[in-house]
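Here's the structure we're looking at; comments come further down.
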Amino acid sequence: MISTPGQPSTKMQIASMLRVNMAGEYGATRIYEGQLAILKGTPSELLIEHMKEQELSHLKSFEQWVVENRVRPTLLQPLWHIAGYALGLGTALLGEKAAMACTAAVEEVIDQHYEHQLTHLGSENPALSHLIQTCQEEEREHRDLALEKGAAEAIAYPLLSYTIKTASRLAIWLSERI
């Protein structure tokens, strides 16, 4: 990862990656908490709990990296606290398939986001690349499981998916910068 004139330094680029990844993993845990508030006791509960536990593990790893690298977390964390929960709650209120559609949409965006980071990192930071790759594999698993559980059968799936993907991309863009 080489900085050219007009680009942020490598240290600043790494800080941005850590900031946005920590925010994203935090947001994901809040989405699952919102879904569980509605879907506790349903067939989806165990799957959502499993995905939430993996997101919590990712979050702890990125929190450690943020502390070790003295990176300022996003100032938008309070917003992601509310927005993540609201997204999970709202989609769960539409039913289990809508909750799975939310997971599939978010995880597709995160997969692309992590792939971009891995390409950008190259071989410069193998430890961070390994963490991102591990998280990416689990995010892909979440997406695939959600699709297997009927995400694409949710009411207004194309609109729901498009809206969630757009909001996820905006959250990434904002968290990288603020």
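Coordinate-derived values only; no laboratory data. Every value quoted in this text rests on a predicted model; they were computed, and no experiment measured them. Backbone-built Cβ (ideal geometry, glycine too); neighbour counts: all protein chains shown.
Of the residues GLN64, TYR26, SER9, the one whose Cα sits farthest toward the positive end of the charge dipole of the chain, with +1 on the Cβ of Lys and Arg and -1 on the Cβ of Asp and Glu, is SER9.
For GLN64 and GLU137, the difference between the fully extended length at 0.36 nm per residue and the C-alpha to C-alpha distance is 24.3 nm.
Fully extending the segment from GLU49 to TYR162 would add 38.2 nm, taking 0.36 nm per residue of separation and subtracting the current Cα-Cα distance. Per-residue 3J(HN,Hα) values for region 82-93, derived from phi via the Karplus relation 6.51 cos²θ - 1.76 cosθ + 1.60 with θ = phi - 60°, read 7, 5, x, 4, 4, 5, x, 4, x, 5, 5, 5 Hz in sequence order (x marks Gly and Pro). Relative to the current alpha-carbon distance between GLU115 and LEU79, full extension at 0.36 nm per residue lengthens the span by 10.4 nm.
Mean sequence separation of contacting Cα pairs (under 8 Å, at least six apart), scaled by the length of the chain, corresponds to a relative contact order of 30 percent.
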